[in-house]
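Notes follow once the structure below has been shown.
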Amino acid sequence: MTARARLLDYVLLTGGLWLAWILLFQWAGPEALSPPGATLRRVGEYLTSAQFWPHVAATGVAFAYACVIALVGGLALGFVLGANRLAGQVGEPILSSLYSIPKITLYPVILLVFGLGISAKVAFGALHGLFPVALFTIGALKNTSPVLIKTARVLRL
């Protein structure tokens, strides 16, 4: 697909979404949906206001901390449970069942434990990332071919 065809696809998709938004606004009315032009003006006001960008920075900091905690904690937990066969057989079903719980149901508990500050946001974000990283690490360690491990030992890696 050429760049010109791809650009045309994006323009048609954007125009189609814009038209669908206008038609939905006409059908639903101003009580249910705002018109696209007013929404874009409001977005422009938010992006140019002085109070918007400190909130973006605070969200970025919380997201970065949560990512680091989720990656480090998930990798550590995954390596511990994946390296020991018995621990993995016991821990993986527990992690899978904890991962299946909707995290929003735990938010009141997180607020009780961490309060309303950035620590609650970081904990909530880390909770979303910890379980998948740990489960993927366990799966990667379980599915690594023994030939690759033996080859790495021979090559002193």
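So the values come out like this:
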quantity: Tabulated pairs, the range 28-53, first of a type in the set (S, T, N, Q), second open to solvent by 60 Å² or more (accessible area, probe 1.4 Å), C-beta under 9 angstrom, 6+ apart or interchain; calculated: Ser34/Arg42; Thr39/Trp21
quantity: Residue in the range 29-51 that is most open to solvent (accessible area, probe 1.4 Å), counting only those that are more than 16 Å from Leu17 (Cα to Cα) and β-branched (Val, Ile, Thr); calculated: Thr48
quantity: Lone unmet requirement of (1) under 30 Å from His128 (Cα atoms); (2) open to solvent by 50 Å² or more (accessible area, probe 1.4 Å) for Ala66; calculated: (2)
quantity: Test: residue in the range 121-135 that is open to solvent by 70 Å² or more (accessible area, probe 1.4 Å), out of contact with any His (no Cβ under 6 Å at 6 or more places or on another chain) and of a type in the set (A, V, I, L, M, F, W, C); calculated: no
quantity: Options Leu19, Leu81: the member that is at pLDDT 90 or above and surrounded by 11 or more Cβ atoms within 10 Å (Cβ to Cβ); calculated: Leu81
quantity: Phe25 over 30 Å from Ala134 (Cβ atoms) and in a helix (DSSP H, G or I); calculated: yes
quantity: Residue count for the range 84-115, restricted to those that are over 30 Å from Ile149 (Cβ atoms), modelled with pLDDT of 90 or more and open to solvent by 90 Å² or more (accessible area, probe 1.4 Å); calculated: 3
quantity: Near pairs, Cβ below 6 angstrom, 6+ apart or cross-chain, from the range 86-110 (more than 14 Å from Ala126 (Cα to Cα)) to any residue that is of a type in the set (Gly, Ala, Ser); calculated: Gly88/Gly82; Leu95/Ala134
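The values are calculated or read from the model by the stated rules, or taken from the named source; none is laboratory data. The model shown is predicted, which means the values in this text are computed figures rather than measured ones. Quick reminder, even Gly has a Cβ in these numbers, built from the backbone with ideal geometry, and neighbours come from all protein chains shown. In case anyone asks, the SASA skips ligands and DNA or RNA and just uses the protein heavy atoms, side chains included. Shrake-Rupley method; radii C 1.70, N 1.55, O 1.52, S 1.80 Å.
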